[in-house]
1. Out of the residues in region 234-258 that are in contact (Cβ under 8 Å) with a residue 24 or more places away in the chain and charged (D, E, K, R), state the one that is surrounded by the fewest Cβ atoms within 10 Å (Cβ to Cβ).
2. Do you know which residues across region 75-90 are farther than 24 Å from Gly41 by Cβ and either touching a Ser or Thr at 6+ places or on another chain (Cβ under 8 Å) or not β-branched (Val, Ile, Thr) (or both)?
3. Checking Glu331 against (1) surrounded by 10 or more Cβ atoms within 10 Å (Cβ to Cβ); (2) out of contact with any strand residue (DSSP E or B) (no Cβ under 8 Å at 6 or more places or on another chain); (3) closer than 23 Å to Leu33 by Cβ, only one condition comes out false. Which one?
4. Looking only at region 384-393, decide whether some residue is assigned to a helix (DSSP H, G or I), farther than 30 Å from Gly239 by Cβ and hydroxyl-bearing (Ser, Thr, Tyr).
5. Looking at Leu201, Leu177, which is the one that is at pLDDT below 95, of a type outside the set (Gly, Ala, Ser) and surrounded by 18 or more Cβ atoms within 10 Å (Cβ to Cβ)?
6. Pull up region 339-393, narrow it to residues that are free of Cβ contacts under 8 Å to residues at least 24 places away in the same chain and among the β-branched types (Val, Ile, Thr), then point me to the one that is farthest from Gly10 (Cα to Cα).
7. Return the residues of region 17-74 that are surrounded by fewer than 18 Cβ atoms within 10 Å (Cβ to Cβ) and of a type in the set (Val, Ile, Thr); say none if nothing qualifies.
8. Give me a count of the residues in region 9-45 that are aromatic (Phe, Trp, Tyr) and touching a Ser or Thr at 6+ places or on another chain (Cβ under 7 Å).
Amino acid sequence: MALPKRLEFGIFLAPFHAPFDNPTLALQRDLELLEWLDYLGYDMAWIGEHHSCGWETISSPEIFIAAAAERTKRIRLGTGVIPLPYHHPLLVANRMVLLDHLTRGRVALGVGPGALNSDGHMLGLVHENARPRMEESLDVIMRLLTEQEPFTYRSDWFELVDAHLQLRPYTQPHFELMVASAQSPIGMKLAGKHGLTPVSLTFARSPGGFYHNTLKDLWEIGVESGAQHGHEMKREDWGLVQHVFLADSKKEAMSIARKNSGLLMREYFDKVVGNPPIDGPADQIIDKMVDDGVWCIGTPDDLADSIHRLDEESGGFGKFIFLATELGTHEQMKYSYELAARYVMPKFQGSTASLNMSFEFFKGKRDALAEERETALSSAGQAYEEERAAWRK
């Protein structure tokens with residue numbers, strides 16, 4: 001197994017809320033979820049940015065992170081992701097530096113080209129330009145974070161004149177940067193180019209997925225790119241995202257998640273986003289995705305098995321990230337995350353290894369120690385009787 005001694009756990013909060021649900025309450029649930037994850041000991045949460053299609057309702061991850069940071073104590077909060085073609089790179093960098101100071105170093109900048117074509121459409125962005133512009137913007141942001149002197153840069157879609165960060169990052173040399181690899185290998189290439197954290201969607205290779213690279217292929221793209229630019233890719237930095245829902249039994253988990261998972265896949269990803277549809281009735285999509293090992297719907301043991309499979313398929317990674325969905329009620333979702341924290345995370349973080357060793361070690365010595373205890377008690381009782389007899393004389 002190539003997993004690190006302590007696998008990190010987090011969520012990718014797009015979020016996904018059905019358009020017939022009260023959006024104000026849905027956002028409050030998202031904030032409450034992050035408080036719960038912070039209490040449970042999750043390491044990170046990546047917060048999305050979207051502007052259309054009715055389901056993914058956080059338009060500014062920076063504002064959401066500022067609110068969440070005031071409610072939490074230790075969980076790291078990252079943008080997941082800021083679509084760089086939609087923003088001026090100087091403003092992106094400055095907003096993240098401000099958050100870095102306000103949170104005392106608990107933020108990360110995740111970037112991408114923009115997953116929803118509809119967002120770019122409203123901005124008049126030609127979709128073919130999205131990934132080249134993301135790369136150009138990221139190059140500039142890295143210069144702003146690493147160079148002290150003002151510089152000028154002119155592009156066909158933004159300009160910088162004597163640009164610099166007046167407020168330097170709180171985190172030295174700068175906060176973590178992440179590149180999403182969701183629909184193409186470009187994210188992995190850029191992670192290698194700049195030595196950044198890559199996060200990959202495991203379900204992008206599922207039926208109806210976007211590309212045909214295996215997880216090992218993706219990793220090699222990052223390694224090759226890193227070698228070309230003098231960066232060594234580290235597997236412990238790599239995050240993999242998976243659909244997960246847990247309950248006390250697999251039958252219960254499947255029953256709870258069946259309706260809402262079909263609703264999300266058919267009504268959003270199929271009819272609105274335009275992903276290639278998965279054949280069959282909506283309420284049976286879950287069966288194919290689970291049978292193919294793409295989703296993990298079941299028990300903590302099923303999730304542990306799924307992580308081991310991803311380890312084998314990828315060659316090793318360092319961050320396991322739940323795709324935050326509402327496959328059940330708010331309380332059922334909280335319980336799913338609690339089950340993972342109580343019974344899965346310890347298996348991959350070593351927190352119960354010594355407890356189990358001690359339990360097994362002294363279980364093996366039970367009879368011998370019990371005999372010693374009885375002998376000691378008998379001796380103590382005999383000594384007391386002898387002492388008592390001496391007092392009475």
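The values are calculated or read from the model by the stated rules, or taken from the named source; none is laboratory data. Being a predicted model, the structure only gives us computed values, none of them experimental. Positions of Cβ are generated from backbone atoms using ideal geometry, with glycine treated the same way; all protein chains shown enter the neighbour counts.
1. Per the stated criteria, the residue is Asp248.
2. Pro83, Leu84, Pro85, Tyr86, His87, His88, Pro89, Leu90
3. Unmet for Glu331, out of (1) surrounded by 10 or more Cβ atoms within 10 Å (Cβ to Cβ); (2) out of contact with any strand residue (DSSP E or B) (no Cβ under 8 Å at 6 or more places or on another chain); (3) closer than 23 Å to Leu33 by Cβ: (1).
4. yes
5. Selected residue: Leu201, the only one of Leu201, Leu177 that is at pLDDT below 95, of a type outside the set (Gly, Ala, Ser) and surrounded by 18 or more Cβ atoms within 10 Å (Cβ to Cβ).
6. Thr375
7. Across region 17-74, the qualifying residues are Thr24, Ile63.
8. Summing the residues that are aromatic (Phe, Trp, Tyr) and touching a Ser or Thr at 6+ places or on another chain (Cβ under 7 Å) in region 9-45 gives 1.
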